[in-house]
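Contents: one structure, followed by commentary.
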Amino acid sequence: MGVVVSALHCFCFAHAKDGQDDETYIEQVENPGRRNLILNVATAGALGASGASLWYLFNQNVYTPEGFSRYPSTQFIAALGDPSSSAGTGAKNWGVWRKDPGPRGVWLKDYGKELESNYNLAPAGWQFDPQDWWLEEHGLIMEAPQFPIPAGRYLVTGGRQVTTGLTISEDGSWRLDEGTLYDVTHLPCRSARYNPVAQGKGSPKDASLADFPVKPGAIMPSVAGTNKQDYAVLFLLGKAIS
């Protein structure tokens, strides 16, 4: 990835505490395999840092346009739309993760012992829905985002060149101040929603571990017995000052 913070964010897909819509916190990554993966990618990014990547770091982590306030930590938007568009409709079908679902996720290989045998309750406390479930690019089953993301004015980025304002209206229309949906999509982060086509079909057990990890920018793998919907992942950095 080449950028340290972007590498970390890719593995840290953020659910506020009750009554604290704008507050997030950084969770400890308890899964050793996942923690090592984060550290290895971050180290590789540090070794490969260049002037351009330092600019990306500044653009993503320091630069704040006038009129916006940054959240304490990054949240994440699951978005649908034409990647080449700067505006569109349908944001009522966009979701938001206010807590990082990555460290709270369950590996596909552990589905049986950590979800299926535990009444679909994940170790992190979220409820798995066998009829509507989510995967990320490394083969982690994630909790679903909150739907819909509320109307408002937000600060978003893809962790590359564009950090800009996103306006979501009550009718579900959306508009970027600068760039396109592609420009504010974090390409290494992939997410997809899977809905079984019939009872007893389309379980995470039907996913192929060989399909993971998914290459940056590629679509998520299909899972037999399900309908799949890919979502773009946007870093949600903050919102407009009231």
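The values are calculated or read from the model by the stated rules, or taken from the named source; none is laboratory data. Model, not experiment: these values are computed from the prediction. Glycine gets a Cβ as well: all are built from the backbone with ideal geometry, and neighbour counts include every protein chain shown.
Summary table
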quantity	calculated
Condition met for P145 (over 19 Å from P213 (Cβ atoms) and surrounded by fewer than 18 Cβ atoms within 10 Å (Cβ to Cβ))	no
Test: I241 is under 23 Å from S85 (Cβ atoms) and either touching a Pro at 6+ places or on another chain (Cβ under 8 Å) or surrounded by fewer than 19 Cβ atoms within 10 Å (Cβ to Cβ) (or both)	no
Residue identified as within 21 Å of G88 (Cα to Cα), crowded, with 20+ Cβ neighbours inside 10 Å and not small (G, A, S) among T167, T163	T163
Sole exception among (1) in a loop (DSSP other than H, G, I, E, B); (2) modelled with pLDDT of 95 or more for V96, by number	(1)
The range 71-121: number of residues that are surrounded by 15 or more Cβ atoms within 10 Å (Cβ to Cβ), of a type outside the set (S, T, N, Q) and either within 23 Å of D171 (Cβ to Cβ) or out of contact with any helix residue (DSSP H, G or I) (no Cβ under 7 Å at 6 or more places or on another chain) (or both)	26
Residue ID - nearest to the chain's Cα centre (by Cα), chosen from residues in the range 219-242 that are among the small types (G, A, S) and over 30 Å from S203 (Cα atoms)	G238
Unmet criterion (only one of (1) within 30 Å of P150 (Cβ to Cβ); (2) crowded, with 18+ Cβ neighbours inside 10 Å; (3) β-branched (V, I, T)) for I219	(2)
